[in-house]
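Heads up: the structure comes next, in structure tokens.
The values are calculated or read from the model by the stated rules, or taken from the named source; none is laboratory data. Please read these numbers as outputs of a predicted model, since none were measured by experiment. Neighbour counts run over all protein chains shown; Cβ positions are idealised from the backbone, glycine included.
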Amino acid sequence: MTGKTEQDRPPAGRQAASPAEGYALGYSQTEFKRLEMQALLLKELTADVLRRAGLAPGMRVLDLGCGVGDVSLLAADLVGPSGHVLGIDRSADMVSIAKRRADHAGKGSWVEFRTAELDSFDSARTFDAVIGRLVLMYLPDPAAALRRLLGFVVPGGLAVFHEMAMPMSRSVPEGPLFRRSIDWLRDTFRAAGFETDMGSKLAGTFVAAGLPQPQLTLGGIAGSGPDTPVHNYLVGTLRSLLPMGERFGVFTAAEADLDTLGERLLAEAESLGACMMPPPLVGAWARKPAGI
């Protein structure tokens, strides 16, 4: 992957998050709950990408940055008890939750979770696929990390990733509060040094990692009426981002007033007759050629 552009770099006077911090939204119980809400909203989108890519019964799958296990469990449905899924994440708390969820779902015999850093992960096993959702965006060099992790994938195996394209978020007609909320989200990630348009850069990242040009899809959620979850999704994300947003001077608790922001976003959309579209996700997949 090429270096960041001026637009992607943290604003002047702000120190980017160190790679060791790794995750802009933190590891609070609030964030764990937000991840579960996000998983419900993105479930079918990600499942579609995994199916299109070719995950099938009997495959061995490595899920990077598994969080509380949502993508690992989706993969488990596709590979079945004859296959195996290993999910890895740096957060022991998330891994603990993921293990409990797999056991509760009756999939604990073929879904395993391990606490591990992506840059030091090692395994004597090989896998038929390496997958991840919203993980490459947090890596300082996604192509280099992917190239290394492909070493655990058999020739002809799959690389499958699902990443956000934040600049594509919009409201039609444009609502100033919606735009401000999206700007807070995007600018906080950017200030932390994370990639805000990883979805759009997946094709280049795959090629830089030694993979062929991937197959690509684009999908997302949208909403306009009182039953839409979009406003709550945005508020939940900003709530988890708030400590980092305040740290980098992007937005404050007083500015956002998160306790009322959801109601205000919904009222704005209804008054404008607007369709709110949070950042969509790009899905990409390709098979590992021999020799890399």
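Residues of the range 100-109 that are surrounded by fewer than 18 Cβ atoms within 10 Å (Cβ to Cβ) and not hydroxyl-bearing (Ser, Thr, Tyr): 100, 103, 104, 105, 106, 108.
The criterion of being crowded, with 20+ Cβ neighbours inside 10 Å and either modelled with pLDDT of 95 or more or in a loop (DSSP other than H, G, I, E, B) (or both) does not hold for residue 124.
Checking the structure you have, find out if any residue of the range 137-150 is assigned to a strand (DSSP E or B) and either crowded, with 21+ Cβ neighbours inside 10 Å or touching a residue at least 40 places away in the same chain (Cβ under 8 Å) (or both). No, the conditions are met nowhere in the range 137-150.
If you go through the range 106-120 and keep only what is at pLDDT 95 or above and either part of a loop (DSSP other than H, G, I, E, B) or not charged (D, E, K, R) (or both), you end up with 106, 107, 108, 109, 110, 111, 113, 115, 116. All conditions in (1) surrounded by 21 or more Cβ atoms within 10 Å (Cβ to Cβ); (2) more than 19 Å from residue 270 (Cβ to Cβ) hold for residue 183, with the sole exception of (1). Candidates are the residues of the range 67-94 that are modelled with pLDDT under 95 and of a type outside the set (Gly, Ala, Ser); the one that is surrounded by the most Cβ atoms within 10 Å (Cβ to Cβ) is 68. Only one of the listed residues (227, 259) is among the acidic types (Asp, Glu) and either in contact (Cβ under 8 Å) with a residue 60 or more places away in the chain or not in a loop (DSSP other than H, G, I, E, B) (or both). That residue is 259. It is to be established whether one or more residues within the range 152-167 are modelled with pLDDT of 95 or more, loosely packed, with under 15 Cβ neighbours inside 10 Å and either under 30 Å from residue 267 (Cα atoms) or under 18 Å from the mean Cα position of the chain (by Cα) (or both). Looking through the range 152-167, at least one residue is modelled with pLDDT of 95 or more, loosely packed, with under 15 Cβ neighbours inside 10 Å and either under 30 Å from residue 267 (Cα atoms) or under 18 Å from the mean Cα position of the chain (by Cα) (or both). Considering 47, 102, the condition of being of a type in the set (A, V, I, L, M, F, W, C), over 23 Å from residue 163 (Cα atoms) and either at pLDDT 95 or above or assigned to a loop (DSSP other than H, G, I, E, B) (or both) is satisfied by 102 alone. Within the range 89-135, the set of residues being more than 19 Å from the chain's Cα centre (by Cα) and of a type in the set (Gly, Ala, Ser) comprises 96, 102, 105, 106, 108, 109, 120, 123, 124. Residues that are more than 18 Å from residue 49 (Cβ to Cβ), aromatic (Phe, Trp, Tyr) and assigned to a helix (DSSP H, G or I) occur in the range 164-187; there is at least one. The set of residues in the range 59-88 that are in a loop (DSSP other than H, G, I, E, B) and under 15 Å from the mean Cα position of the chain (by Cα) comprises 65, 66, 67, 68, 69. Annotation for the range 203-219: no member residue is surrounded by fewer than 17 Cβ atoms within 10 Å (Cβ to Cβ) and at pLDDT below 95. Within the range 188-224, the set of residues being part of a helix (DSSP H, G or I), closer than 20 Å to residue 46 by Cα and touching a helix residue (DSSP H, G or I) at 6+ places or on another chain (Cβ under 6 Å) comprises just one member, 205.
Taken as a whole, the structure places residue 181 among residues that are more than 25 Å from residue 212 (Cβ to Cβ), touching a residue at least 40 places away in the same chain (Cβ under 8 Å) and out of contact with any strand residue (DSSP E or B) (no Cβ under 9 Å at 6 or more places or on another chain).
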